[in-house]
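A.B. asks: Sharing a structure here in structure tokens format.
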Amino acid sequence: MVNNATTLKDAEDDDTPFIATKSIILRTEKLLAVMRNARPRLRCCVDPWWKDHPGEPLRALLRIEIHKDGSLRSATIDESRSLNGSPDVNTCLLAVAQQLDYPPSPADKTAIFEFPIQTR
């Protein structure tokens, strides 16, 4: 780790922070790809609500906690950070989240990932 007490030589030899950062970025990119591929299924959750509420914004914050092996620990909707939430939409979003395949952690860590779902 680089700090004021670390010499330049020691900092150059220690790439641990960079490995962790690369691992976090790699897993985040993989998680984003999972969610991007799930967009059609997630949209099926929102479209019925959208038809009944044209022009109204909808925002749901899907919060996913993933074990280091890639298994889902929990999926929740953060109601305090959502707008015009619908129990039917939320139930559907959570069902989709539970069916997805998440990548394991390259850094052997659990992860919490927040994915905003919104209409415009």
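A.B. asks: Where in the range 80-104 does the amide nitrogen come within less than 15 Å of the point 7 Å from the Cα of residue 63, taken along Cα to Cβ?
C.D. replies: Under cut-off, by backbone N: 80-83, 94.
A.B. asks: Just need log10 I(q)/I(0) for the range 8-118 at q = 0.14 Å⁻¹, Debye formula, equal scatterers on the alpha-carbon atoms, no solvent, rounded to two decimals.
C.D. replies: -0.61
A.B. asks: Next question. Given labels modelled 7 Å from the Cα in the Cβ direction, how far is it in nm from residue 98 to residue 47?
C.D. replies: Label at residue 98, label at residue 47, 2.3 nm between them.
A.B. asks: Rank these for me by crowding, 66, 24, going from fewest to most other beta carbons within 10 Å.
C.D. replies: Sorted ascending by nearby Cβ count, the order is 24, 66.
A.B. asks: Something else now. Taking a ≥ b ≥ c as the square roots of the eigenvalues of the Cα gyration tensor of the range 68-120, is the shape rounded (a/c under 1.5), prolate (a/b larger than b/c) or oblate?
C.D. replies: Here the range 68-120 falls in the prolate category.
A.B. asks: Set the Förster distance to 25 Å, then compute FRET efficiency between residue 74 and residue 28 from the Cβ-Cβ distance, nearest 0.05.
C.D. replies: Working from the Cβ atoms, E equals 0.85.
Taken together, the values in this text are just the output of simple stated rules run on the coordinates, not laboratory data. The model shown is predicted, which means the values in this text are computed figures rather than measured ones. Using ideal geometry, Cβ is built from the backbone for each residue, glycine included, and neighbour counts are taken over all protein chains shown.
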